[in-house]
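Asker: My structure is below; once you've seen it, I'll send some questions.
The values are calculated or read from the model by the stated rules, or taken from the named source; none is laboratory data. Note that this is a predicted model, so its numbers are computed, not measured. So basically every Cβ, Gly included, is an ideal-geometry build from the backbone, and we count neighbours across all protein chains shown. Ligands, DNA and RNA are stripped out before the accessible areas are found, and what is left, the full protein with its side chains, is counted by its heavy atoms. Shrake-Rupley method; radii C 1.70, N 1.55, O 1.52, S 1.80 Å.
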Amino acid sequence: MVGKLTWFRATSSITCALFDRSKFFDKHGCLKKAIQEKNGTLVDDFVQTNRQATGDLLEPVLITEAARRLGITQLEAEVDYKIEHPSLPLEASLDGRCKAVNLRVKHNPDEGIYLVGHDELILNGDIPFECKCSSDYPTVGEPPKYLGVDQLHTSMDILDAEYGILIVLYQSTDLRIYVYKRDPEFATDLANVVNDFNRRVDEEDYYPPEKPEHAASIFDVGNDENEMILGADVVDLIDTIQALKEAQKIAKLKEAELMTDLMMSMGNHSKARAANYICEWKTLAAKSEQVKEVTYKAQPERRAGYVKIRMVKE
């Protein structure tokens with residue numbers, strides 16, 4: 001669905017991140033943006049990529065085709081409104097929506113129809129569609145949770161729907177239709193992460209950082225006027241960081257030295273074997289270098305993703 005129809009609280013599109021199952025973004029970034037949007041400080045610099053625009057163009061076509069294969073007649077292939085959860089601070093923008101009355105569907109991979117956990121289902125009621133286009137190859141069984149599964153289950157919970165349909169177009173031509181039955185346990189887990197996210201937005205309580213980028217996101221404005229004096233426990237931490245850096249430097253130098261010895265041992269052989277190790281030293285094909293025109297995009301001021309450390313003499 002083109003455009004943002006939802007708010008700065010939890011949405012179906014970020015629940016996979018709240019569950020720590022997203023491939024493309026994480027809950028730390030979602031929370032940061034939600035807090036900025038709440039405060040009116042979010043800079044919306046989102047630019048839709050060519051792939052995203054193409055996916056939006058294909059969604060109604062794929063939803064219509066999936067409905068035809070399943071025998072669905074009451075269909076909204078394009079939804080231009082949001083839906084709200086009756087009890088949670090949670091909203092969603094649906095890719096599609098349909099109604100079914102005693103519609104029997106069967107697991108039929110030849111037609112691209114996959115019933116997750118069932119061989120046959122009788123569909124009834126309001127049913128949400130989620131549609132994804134992926135350059136990945138299909139996985140065995142259901143798609144990964146980040147590829148629309150968590151998003152679909154969230155929409156099912158918002159609509160109080162017993163069934164949901166996930167459409168994935170793999171590799172441009174492999175269309176697969178996954179039919180899900182509602183998972184009762186999902187609702188409890190969803191409520192926990194959504195309510196926690198909502199509280200964190202209200203209180204501006206960031207998730208505990210897991211990597212330097214998260215810390216830089218929390219403290220995104222530096223105070224250059226005053227120097228902070230850190231305690232002895234932080235000195236130990238800095239000593240460890242410096243020791244690890246030195247160990248990495250030594251390890252890289254040693255690795256290069258040993259790799260040189262291995263290459264000299266192999267000589268002009270492309271393959272070699274030593275006990276259980278198979279070594280391959282490929283000859284890379286020549287190729288023309290493509291010169292690209294570089295376009296620069298202005299970045300907002302932000303904290304660095306690391307702390308520069310240097311030793312000073314007493």
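Asker: Between segment 42-68 and segment 112-135, how far is it from one alpha carbon centroid to the other, in angstrom?
Answerer: 19
Asker: Something else about it: Compute, for segment 30-186, the length of the dipole vector about the Cα centre, with Cβ point charges of +1 (Lys, Arg) and -1 (Asp, Glu) only. Units Debye, rounded to 20.
Answerer: With Lys and Arg at +1 and Asp and Glu at -1, about 100 debye.
Asker: Please figure out what share of the DSSP beta bridges in segment 122-216 is antiparallel and state it in percent, rounded to the nearest 5.
Answerer: Of the beta bridges lying entirely in segment 122-216, close to 55 percent run antiparallel.
Asker: To continue, here is another question. Restricting to bridges with both residues inside the chain, how much of the DSSP beta-bridge set is antiparallel, in percent to the nearest 5?
Answerer: Antiparallel bridges: around 70 percent, rounded to the nearest 5.
Asker: Further question: Students sometimes get this wrong: rank Phe46, Phe197, Phe8 by accessible area, probe 1.4 Å, all chains present, largest first.
Answerer: Phe46, Phe8, Phe197
Asker: Same structure, new question: Counting only heavy atoms of protein chains, what accessible area per residue, in Å², does segment 1-158 have with a probe of 1.4 Å?
Answerer: Spelled out: the 1.4 Å probe surface of segment 1-158, per residue, equals 52 Å².
Asker: Taking amide hydrogens as modeled 1.01 Å from N in the peptide plane, which residues meet the under 5 Å criterion relative to Gln74, leaving out close sequence neighbours?
Answerer: Those qualifying (amide H under 5 Å, at least 5 residues apart or on another chain) are Lys99.
Asker: Here's another thing I want to ask about it. Which of the trypsin sites (Lys or Arg not before Pro) found in segment 13-114 are loop residues per DSSP with 12 or fewer other Cβ atoms within 10 Å of their Cβ?
Answerer: Sparse-neighbourhood loop trypsin sites (Lys or Arg not before Pro): Lys23.
Asker: Tell me, what is the 1.4 Å probe accessible area of Leu284, in Å² to the nearest 10?
Answerer: Counting only protein heavy atoms, the figure is 150 Å².
Asker: Between Gly40, Gly29, Gly164, find the one with the highest GNM mean-square fluctuation for the chain; connect C-alpha pairs within less than 10 Å.
Answerer: Gly40
Asker: Given a 10 angstrom Cα cut-off, can you work out which residue in Ile127, Ile229, Ile83 is the most mobile in a GNM of the chain?
Answerer: Comparing Ile127, Ile229, Ile83 in the GNM, the peak value goes to Ile229.
Asker: Each residue of segment 260-269 in turn: what ³J(HN,Hα) in whole Hz from Karplus with 6.51, -1.76, 1.60 and θ = phi - 60°, glycine and Pro shown as x?
Answerer: Coupling constants for segment 260-269: 4, 4, 5, 5, 5, 5, 7, x, 8, 7 Hz.
Asker: What accessible surface, in Å², does a 1.4 Å probe find on Asp261, ignoring ligands, DNA and RNA and rounding to the nearest 10?
Answerer: 80
Asker: Oh, and also: What value, in deg cm²/dmol to 500, does the helix sum -39500 (n - 2.57) over DSSP H runs of n ≥ 4 give at 222 nm once divided by the residues of the chain?
Answerer: -11500 deg cm²/dmol
Asker: Using a 1.4 Å probe on the protein heavy atoms only, what accessible surface does Val105 show? Give it in Å² to the nearest 10.
Answerer: 10
Asker: Which percent of the accessible area of the chain is formed by carbon and sulfur heavy atoms (probe 1.4 angstrom)?
Answerer: On the way: 11360 of 21460 Å².
Its accessible area is 53 percent carbon and sulfur atoms.
Asker: Something else about it: Among the listed pairs Lys145/Lys245; Lys27/Lys82; Lys254/Lys287; Lys32/Lys211; Lys82/Lys106; Lys211/Lys245, which are separated by more than 25 Å between their Cα atoms? Before the final figure, lay out each step's value.
Answerer: Values: Lys145/Lys245 36 Å; Lys27/Lys82 22 Å; Lys254/Lys287 31 Å; Lys32/Lys211 15 Å; Lys82/Lys106 31 Å; Lys211/Lys245 16 Å.
In this structure, Lys145/Lys245; Lys254/Lys287; Lys82/Lys106 exceed 25 Å between Cα atoms.
Asker: Just subtract the alpha-carbon distance of Asn50 and His107 from 0.36 nm times their residue separation and send over the number in nm, one decimal. Display every interim value, and only then the final one.
Answerer: Numbers: separation 57, 0.36 × 57 = 20.52 nm, distance 3.36 nm.
Full-extension gain reported as 17.2 nm.
Asker: Can you run the Rg to Rh ratio on the chain? Use alpha carbon positions and the Kirkwood inverse-distance Rh.
Answerer: Working: Rg = 25.8 Å, Rh = 24.0 Å.
My calculation of the ratio gives 1.08.
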